[in-house]
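**Student:** Quick one: this structure, given as structure tokens, is what I'll be asking you about.
Since every read-out is calculated from the coordinates, none of them should be taken as a lab result. Because the structure is a prediction, the values reported are computed rather than measured. Note that we place each Cβ from the backbone using ideal geometry, even for glycine, and neighbour counts take in every protein chain shown.
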Amino acid sequence: MSVRTGAASALVVATAGAVAFVTIVLFLGGFGDVFGTVGDVAVLVMTLALAPVMATWYELGGRTPLRPAQASLASAVGAVLVFSAVQVLYLLGAVTFDLESGATGAFAVEAVAVVVIGLWIGGASVLAGPWLTNGLRWFGAVAGVGVVLYAAGLLLGGVTHPLTFVGGVGYQVLLPIWAFLLARRWRGLRAG
């Protein structure tokens, strides 16, 4: 995966994340169900765009031996695919989510996939090679923890669980900002 492709994908993550955040706020503000649907689609696009980001990250290398790095990449990309498949089923109405209770069924599968994605973001950030700046390294670690907390809140009590609110900052705010900053960093590597 080229750095150019990774940077473009990171920009898609950032843009889709921003769209998701705005539309979810509008949906929760009572401006119509269409904003909830647009937000769900934006989260799907954001998540799918993470796979090329992960592949680029792997190509750039880090402090992890080859086999664990390959296993980490495979599990993270697998989690992206599982999340995306469940999200598509949800958007098509083939599965339903009880958002007010702890995640079960397809919702729990999706939440566990988000945990894996968050663990990858946090772990990959900490273990990245010298190509990643320390500020971005720790920003990614915090964003990854936020994503994990968000999913843990969904599993424990649904959208109203306190961890969902706290982690939602990581998932809906820090993750897109991290992706934007990562795209800038990768574009700098390409130019340098």
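**Student:** Along Cα→Cβ, 7 Å out, is where each label goes; now give me the distance between the ones at THR104 and VAL22 in nm to one decimal.
**Tutor:** The two pseudo-label positions are separated by 3.8 nm.
**Student:** Specify the residue with the greatest mean-square fluctuation among GLY29, GLY140, GLY167, computed from a Gaussian network of the chain linking alpha-carbon atoms under 10 Å apart.
**Tutor:** GLY29
**Student:** Still on this model: Using a 10 angstrom cutoff on alpha carbons, build the Gaussian network for the chain and name the most mobile of THR47, THR56, THR133.
**Tutor:** Comparing THR47, THR56, THR133 in a Gaussian network model of the chain, the most mobile one is THR133.
**Student:** Quick one: give the max-minus-min coordinate of the C-alpha atoms of the chain along each principal axis, largest first, in Å.
**Tutor:** Per principal axis, max minus min of the Cα coordinates gives 47, 31, 28 Å.
**Student:** Hey, another quick one. For GLY158, what is the net charge nearby, where nearby means another residue's Cβ is under 15 Å from its Cβ and Lys, Arg count +1, Asp, Glu -1?
**Tutor:** Numbers: positive: none; negative: ASP98, GLU100, GLU110.
Taking every other residue near GLY158 into account, the sum is -3.
**Student:** For the stretch 1-82, evaluate the Debye formula with one uniform point scatterer on each Cα (no solvent term) and list log10 I(q)/I(0) at q = 0.22, 0.25, 0.26 Å⁻¹, rounded to two decimals.
**Tutor:** Values returned for q = 0.22, 0.25, 0.26 Å⁻¹ are -0.93, -1.06, -1.11.
**Student:** Find out how many positive minus negative residues lie around THR96, taking Lys and Arg as positive, Asp and Glu as negative, among other residues whose Cβ is under 14 Å from that of THR96. If you can, show how the numbers build up before the last one.
**Tutor:** Details: positive: none; negative: ASP40, ASP98, GLU100, GLU110.
Taking every other residue near THR96 into account, the sum is -4.
**Student:** Mind putting a number on the dipole of the chain about its Cα centre? Charges go on the C-beta only, +1 for Lys and Arg and -1 for Asp and Glu, and I need it in Debye to the nearest 20. Don't skip to the end; give the middle numbers.
**Tutor:** Values: 8 positive and 6 negative charges, 202 e Å.
It works out to roughly 960 debye.
**Student:** Over the stretch 37-192, what is the relative contact order in percent, taking alpha-carbon pairs closer than 8 angstrom and at least six residues apart?
**Tutor:** Relative contact order, the stretch 37-192: 20 percent.
**Student:** Additional query: Tell me, TRP178, TRP120 in order of fewest to most beta-carbon neighbours within 10 Å? Before the final figure, lay out the partial values.
**Tutor:** Working: TRP178 27, TRP120 23.
The fewest-first ordering by Cβ neighbours comes to TRP120, TRP178.
**Student:** Please list the non-local residues whose amide H lies under 5 Å from the amide H of GLY62, H modeled 1.01 Å from N, same-chain partners needing a gap of 5 or more.
**Tutor:** It is GLY129, by chain and number.
**Student:** Is any helix in the chain, taking whole DSSP H runs, at least 30 angstrom long along its axis by alpha carbon and on average at least 0.0 on the Kyte-Doolittle scale, and which ones?
**Tutor:** On the way: long enough: 3-28 (37 Å, 1.97); 33-60 (41 Å, 1.32); 66-91 (37 Å, 1.40); 105-127 (33 Å, 2.03); 134-157 (34 Å, 1.38).
Qualifying helices, which must be both long enough and hydrophobic enough, are 3-28, 33-60, 66-91, 105-127, 134-157.
**Student:** Can I ask one more? Using a Förster radius of 30 Å, what is the FRET efficiency between ALA94 and ARG4 based on their Cβ-Cβ separation? Nearest 0.05, please. Each step should come with its number before you reach the end.
**Tutor:** Numbers: r = 36 Å, r/R0 = 1.20.
Step by step, r from the Cβ atoms, then E = 0.25.
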